[in-house]
1. I'd like the accessible area for H144: 1.4 Å probe, protein heavy atoms, all chains in place, Å² to the nearest 10.
2. Compute the separation of the alpha-carbon centres of the stretch 90-106 and the stretch 221-241 and state it in Å as a whole number.
3. Taking all protein chains as present, what is the carbon and sulfur share of the accessible area of the stretch 183-289, in % to the nearest whole number, probe 1.4 Å?
4. Accessible area of V209, 1.4 Å probe, to the nearest 10 Å²?
5. Keeping all protein chains in the complex and leaving out DNA, RNA and ligands, what accessible area do you get for H59 with a 1.4 Å probe, in Å² to the nearest 10?
6. Send over a whole-number figure in Å² for the accessible area per residue of the stretch 133-289, probe 1.4 Å.
7. Could you please report the charge total around W180, scoring K, R as +1 and D, E as -1 over all other residues with beta-carbon less than 9 angstrom from its beta-carbon?
8. Ignoring ligands, DNA and RNA, how do L48, L273 rank by accessible area with a 1.4 Å probe, largest first?
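The values are calculated or read from the model by the stated rules, or taken from the named source; none is laboratory data. Source: prediction; values computed, not measured. Cβ atoms come from the backbone with ideal geometry, glycine included; neighbour counts cover every protein chain shown. Remember, those area values only see protein heavy atoms, side chains included, never the ligands or the DNA or RNA. Shrake-Rupley method; radii C 1.70, N 1.55, O 1.52, S 1.80 Å.
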Amino acid sequence: MSTKATKSKSGNHLRKDKKNRNKETNMDKNKERAPQHRKGHVTTNTPLIVSPKQWEAAHRKLLVKEKELTRARDALAAERRRMPWVAVEKKYQFDGPKGKASLLDLFDGRRQLIVYRAFFEPGVVGWPEHACVGCSMVADQVAHPAHLNARDTTLAFASRGPQTDIERLKARMGWQFIPWYTITDGFDKDFGVDEWHGTNAFIRDGDRVFRTYFINSRGDEQMGNTWNYFDITALGRQEEWEDSPKGYPQTSPYEWWRWHDEYGNDEASAKVLEQVRRGRAAAQTGDAT
């Protein structure tokens, strides 16, 4: 091998060694800078990056499963509406913002009642400044109850904290619109919520009260949304597209919706109804769900 060739080969090795050292140095610097670089950037393996056309195709494919899930959820809610009822015979008593209240009083004159058992009481982490962190997350997610009220349904929270502490907590956390009562007897134990959170649904026939459904743990996580509350009740959303027993109250979807502070305002209701019907006529989707 010539001297020139030897020098060339030697030079190549030197350049490669330098390149490798620079690469290792840069990797070390990147490791050092990694925490800063992670902000605003994806740090795990990402899905494929595709064209808009490919994305639309993938989206349409997944929508098939989305619709299947929607239909399955509707079918489950329909089964809930056919669940047997159990009569509540015991006379439970609560403390409320207006004094003593029975379970019947919690309905506030409406036909259905949903009660979430919150943990705000001595022994719970956060007391007395806070309710339990999970129950607080549920309360933070509660939609305005006026929409439930419009379908003859009342939502209430119940815990063992005194009313003075409850009022202070509600003011601090912005939960003033949630009716909240104090449990004073065995209501929580009798309805499966003495040791863990849960949501019970009730219905009344005159002065007779019946338990219709119960959900807890991960099922409770989805609560807070108006529709999810309706879907665990005996009467459901009360819309015409639902599969409900004959004679259940039902009206056209969308048409009963109002701003939460405008229920009962006939003038505002007429304007909303006109706009909804105009929009539905233009869309003509044929799918109310």
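1. In the full protein context, H144 sits at about 60 Å².
2. Centre-to-centre distance over Cα atoms comes out at 25 Å.
3. 46
4. 10
5. For H59, the solvent-accessible surface is approximately 70 Å².
6. 51
7. 0
8. Listed by decreasing accessible area, they come as L48, L273.
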